[in-house]
Amino acid sequence: MSTVMNQWFDRDLISDQATRDYKKAQNIEYYSHWKLHHSNHINHTLKQHSIDLVQRLIDKDKTYYLLTYSCSEGHTFDLQQSKKMCYYIRSKHIQFLFQNHKPNPSSVTKPAMFPRQWFFIEPKNDRYHIHVLMEAIDPRLFIKKLAQSKRFRTIFHRLTEDKLFPRNQDVISQKMIDRFERYVEHQHYGRTYNLLDISDDWLISRLLVEYIMHRTDNEKWGVIGVHQSPACNHSKVMNESEALSKVEYLNKDEFFKIHSDIQGENFCYEYSRRGYRFLESEH
């Protein structure tokens, strides 16, 4: 036995078209105000988590490099593409010293003697920067590779004698001094890279950047899509205190806003050293 339900409408409750259009306009206006109000809302919890994730791994007894890479024009910002770029740069950093390292995007592994790296993505309109916070390479390892590897001696000679040294470029640039006046007290103030010891951290960090930038038909060392002016300094050396401060700087408020292009994923955890859980997988 079926039951038929009678439907009843109160036609007085049905709005005319003009009323519906008015209410729709009101809703659109309300949403635009809501969106404007919340667009500046910052997820402070996520930001602090991102900072803590790296800062707890900073070792007070170690020296650190800060390396910056810019994607060339024509590469619009895409989060997944920028993460792939982190992977390519990470792999090339390792191959700078360990030619036979076989990168694998599904496994964060590295030679035991190669230092840890952390990657941060910074959108810049239609381009983006990748900042790498990296433990300094052991000078003894660097000297050992120079002594034992003909390939590495060739790379070192090309990057220094043919490229970096002829520029007579200051280690401490005027731009660095303009931002931090205390750089005039730095031990390398007034010196150029060709005056540094071959195991100096400032030279080694700069050579990593030169290596990533260098790509020719016969010397395909670098990463396609990374380009910056060789006249600028894209590397610096920091102590533990500076490294801790830089981690906070790299996690800018704008990256943790609701409508940010990157929405809190500026720290590329996929290809960064995140914690002791990875000790067993690194070899």
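The values are calculated or read from the model by the stated rules, or taken from the named source; none is laboratory data. Please read these numbers as outputs of a predicted model, since none were measured by experiment. Cβ: placed from backbone, ideal geometry, glycine included. Neighbour counts: every protein chain shown.
When residues in segment 56-92 are screened for being surrounded by 13 or more Cβ atoms within 10 Å (Cβ to Cβ) and modelled with pLDDT of 85 or more, 23 of them pass.
Looking across segment 238-271 at every residue that is farther than 18 Å from L57 by Cβ and among the β-branched types (V, I, T), the one that is farthest from the chain's Cα centre (by Cα) is identified as I258.
Considering only segment 238-268, state which residues are among the aliphatic types (A, V, I, L, M) and touching a His at 6+ places or on another chain (Cβ under 9 Å). Of everything in segment 238-268, those that are among the aliphatic types (A, V, I, L, M) and touching a His at 6+ places or on another chain (Cβ under 9 Å) turn out to be L250, I258. Restricting attention to segment 147-161, and to residues there that are β-branched (V, I, T) and surrounded by 15 or more Cβ atoms within 10 Å (Cβ to Cβ), which single residue is farthest from E219 (Cα to Cα)? So the residue we want is T160.
Candidates E265, E270, E282: the one that is at pLDDT below 90, among the acidic types (D, E), farther than 20 Å from I42 by Cα and assigned to a loop (DSSP other than H, G, I, E, B) is E282. Restricting attention to segment 132-146, the residues that are touching a Ser or Thr at 6+ places or on another chain (Cβ under 9 Å), under 19 Å from N239 (Cβ atoms) and surrounded by fewer than 19 Cβ atoms within 10 Å (Cβ to Cβ) add up to 2. The residue that is farthest from T63 (Cα to Cα), among those in segment 176-227 that are polar (S, T, N, Q) and either assigned to a helix (DSSP H, G or I) or touching a helix residue (DSSP H, G or I) at 6+ places or on another chain (Cβ under 7 Å) (or both), is N194. Looking across segment 75-123, just one residue is among the small types (G, A, S), more than 12 Å from the chain's Cα centre (by Cα) and under 15 Å from V223 (Cα atoms), and that is S91. Can you find a residue in segment 252-270 that is crowded, with 20+ Cβ neighbours inside 10 Å and either among the aliphatic types (A, V, I, L, M) or at positive phi (or both)? Looking through segment 252-270, none of the residues is crowded, with 20+ Cβ neighbours inside 10 Å and either among the aliphatic types (A, V, I, L, M) or at positive phi (or both). Filtering N218, N233 for residues that are farther than 22 Å from I143 by Cβ, surrounded by 15 or more Cβ atoms within 10 Å (Cβ to Cβ) and out of contact with any strand residue (DSSP E or B) (no Cβ under 7 Å at 6 or more places or on another chain) leaves a single hit, N233.
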